[in-house]
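Working notes for the structure below.
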Amino acid sequence: MCVIMKMRCLPDGRPRRNLWCGYPANLRLRLGAAWIVAFLVAGAACSRSDKPSSPDVASTRPAEIRYPLRGEIVAVNRERKTLTISHEAIPGFMPAMTMEFGVDDGDLAIAKADERIRGELVRYGDDFHLEKIWPDDRVSVASVAAAANALRQDTAIRGGAAYREVGEKIPDFALYDQDGRVVSAGRFRGRQIMLNFIYSRCPVATMCPAATLRMMAVQQQARAAGVRNLELISITLDPSNDTPGVLRDYAAARGIDTSNFSFLTGPEPAIRDLLAQFGVIAEFRDGLVKHTLATLLIDEQGQIIHRADGSEWLVDEFVEKMRKG
């Protein structure tokens, strides 16, 4: 079940039991209300993992074993839904060799021959499947890592002032989008940005799913209103699960136009620093996710000009502010 966290701070603002106290008092009050509403609605539905199978079903399923895998894509077979990988040795399991593995649709859609990847080889008895696939080429890995380190330093230096108020500029970052490409904050300079945080497995209709539907409505209404310089960004709260391929599946399943709507993921430390700097509370504990929601509007110079907490903000209000911008 979900637990509502108490907001208890020491007199100097340091946290006594949780993550709340590093934020300004006005934000703590706003987020506190959003937090309580979210979890009165969510109840026991916010499990990070799927509901366990019944004992009878579980007893007939082969045990799942996972192995880390690194290698290079040799061939992509879209009809068979497989990738042929020339992979490194998997200690304790198999030597280096070239093998064909089944993959999910999102991973298949963005796979390219000669691309280096890392992932998890999942074994169910005699069946094999490749999951949690990430780009593993030196350039993209180094770029994302360097940006994550810089963001970590920036968050540490800002300390209790890490949260960026309306009127401040957004931090620099570099993450992967739903196509496995490295995307930096600088890519969006000169365009208005609407940004929020979600995760693909959120089962609470009034939380992430509702936020995504509103973002889709903004995309359509802004286009109809003649707003041509808009980029929408949803950053995952759950990077351990939400790989580029998973986010590709998420967008495809909802028929989302990704021409100006990016779903971003990356190293967990970078995600946590962005949450801190954008004033979103998220905590994973014992298989549960507890989080608030926030949606921000950012101008062409990278300055935050509007913020709405929760998932029930008005589409028309955001579109109107875009038109005035």
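Values computed for the structure shown
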read-out: Subset of the range 70-113 [on the phi > 0 side of the Ramachandran plot and of a type in the set (Asp, Glu)]; value: none
read-out: Inter-residue pairs, beta-carbon under 7 Å, first closer than 12 Å to LEU232 by Cα and in contact (Cβ under 8 Å) with a residue 24 or more places away in the chain and in the range 179-198, second of a type outside the set (Ser, Thr, Tyr) and in a helix (DSSP H, G or I), 6+ apart; value: GLN192/MET322; MET194/MET215; MET194/VAL218; MET194/PHE318; ASN196/ALA211; ASN196/MET215; PHE197/LEU275
read-out: Condition met for ALA222 (in contact (Cβ under 8 Å) with a residue 60 or more places away in the chain, over 14 Å from the mean Cα position of the chain (by Cα) and surrounded by 22 or more Cβ atoms within 10 Å (Cβ to Cβ)); value: yes
read-out: Selected residue (only one of ASP105, ASP136, ASP127 is surrounded by fewer than 17 Cβ atoms within 10 Å (Cβ to Cβ), of a type outside the set (Gly, Ala, Ser) and closer than 15 Å to ASP249 by Cα); value: ASP105
read-out: Boolean, GLY279 is in contact (Cβ under 8 Å) with a residue 40 or more places away in the chain, touching a strand residue (DSSP E or B) at 6+ places or on another chain (Cβ under 9 Å), at positive phi and not assigned by TED's automatic domain parsing to the domain that holds VAL103; value: yes
read-out: Qualifying residue in the range 161-170 (condition: at pLDDT 95 or above, under 28 Å from ARG254 (Cβ atoms) and out of contact with any Pro (no Cβ under 6 Å at 6 or more places or on another chain)); value: yes
read-out: Condition check for ARG254: among the basic types (Lys, Arg) and surrounded by fewer than 21 Cβ atoms within 10 Å (Cβ to Cβ); value: yes
read-out: Failed criterion for LEU264 (all others in (1) free of Cβ contacts under 8 Å to residues at least 24 places away in the same chain; (2) within 30 Å of TRP134 (Cβ to Cβ) hold); value: (1)
read-out: Residue satisfying all of: in the range 259-276; modelled with pLDDT of 95 or more and either of a type in the set (Gly, Ala, Ser) or not assigned by TED's automatic domain parsing to the domain that holds ILE193 (or both); farthest from ALA222 (Cα to Cα) among these; value: ALA270
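The values are calculated or read from the model by the stated rules, or taken from the named source; none is laboratory data. This is a predicted model, so every value here is computed, not measured. Quick reminder, even Gly has a Cβ in these numbers, built from the backbone with ideal geometry, and neighbours come from all protein chains shown.
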